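Bear in mind that the values in this text are calculations on the coordinates, not laboratory data. Predicted model only: the values in this text are computed from it and were never measured. Counting neighbours? That spans all protein chains shown, and the Cβs are built from the backbone with ideal geometry, glycine included.
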Amino acid sequence: MPDRPHHQARKGRVVIVEDHSLTRAGLRLALEEAGFEVIGEADDGLRGWESVDRLKPDAAVVDVGLPGIDGIELTRRIRAAHPQTRVVILTMHDLDNEVLAALAAGADAYCVKSGTPTAVIAAVRAALEGAAYFDPAVAHIVLRHVGNPRVANPAEGSPLTERETEILRLIADGVGNVEIGHRLSLGLGTVKGHIRDILGKLSAADRTQAAVVALRRGLI
């Protein structure tokens, strides 16, 4: 069957490059349940490169700490040879040097491994749509170093209340809703209500996008 032209809609063909078999299996299951087609897997960087080079997927989910060649070098190779393939990096820790190296290599999205598969699904989906995705746990690192956030103009004022700003700062630090409630002595329903208001005010689709928008605008 001939290759489809690149301008046609993406169908979400994904290669997973992850050296831990259980993590890899979990990612495959989550991605397939979300409607993506996992067309290849690899357990080290060299096999990952061979799979991506041969299969030319729409997206590659790449662990940073791979044997063979690491995820940063693999990302560089993918970006150079197959720029149409989106790269979603999985990081074990929110380390500045690791996150910034992934950014410099050309990764499209960043997820902390300790998060849920939902975050990886959101990252793959965003990358395939041509958007950047930053896990809240790493968004502040990326934007602090390279995002050049615009400092909010005091004359304009922030659209957020003081409480909403508090909550958004916690979201940007990767804190979940239940823990936010504990820290601020708020009920879970109240926290969710504030988050709905935040999303509306920032025209954001989800918590992560709201955090990134606020960081870029200098609101938090």
About the Cα centre, charge dipole magnitude for the range 13-133 (Lys/Arg +1, Asp/Glu -1 at Cβ), debye: 320 debye
Step through the residues of the range 100-110 one at a time and calculate ³J(HN,Hα) from phi using the Karplus curve (6.51 cos²θ - 1.76 cosθ + 1.60, θ = phi - 60°), rounding each to whole Hz and writing x for Gly and Pro. 5, 5, 5, 4, 4, 6, x, 5, 8, 8, 9
Can you work out ³J(HN,Hα) from phi for every residue in the range 50-58, in order, using Karplus 6.51 cos²θ - 1.76 cosθ + 1.60 and θ = phi - 60°, giving whole Hz and x for Gly and Pro? 4, 5, 5, 5, 7, 8, 6, x, 6
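What is the order of ASP44, ASP173, fewest Cβ neighbours within 10 Å to most?
Values: ASP44 18, ASP173 15.
Placing the least packed residue first, the sequence is ASP173, ASP44.
Report the net charge of residues surrounding HIS82, where surrounding means a beta-carbon distance below 11 angstrom and charges are Lys +1, Arg +1, Asp -1, Glu -1.
Values: positive: ARG54, LYS56, ARG77, ARG79, ARG86; negative: ASP53, ASP58.
Neighbourhood net charge equals +3.
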If amide H atoms are modeled at 1.01 Å from N in the peptide plane, then the residues at a separation of 5 or more from ILE89, or on another chain, having amide H under 5 Å from its own are VAL62, ASP108, ALA109, TYR110, CYS111
Distance in nm between pseudo-label sites at SER114 and GLU129 (7 Å out along the Cβ direction from Cα): 2.8 nm
Applying the Karplus parametrisation 6.51 cos²θ - 1.76 cosθ + 1.60 with θ = phi - 60° to the phi angles of the range 179-191, what ³J(HN,Hα) value in whole Hz is obtained for each residue in order, glycine and proline being reported as x? 5, 4, x, 4, 5, 9, 6, 10, x, 4, x, 5, 4
Arranged from highest to lowest average of other beta-carbon atoms within 10 Å per residue, in what order do the peptides 23-35, 58-70 appear? 58-70, 23-35
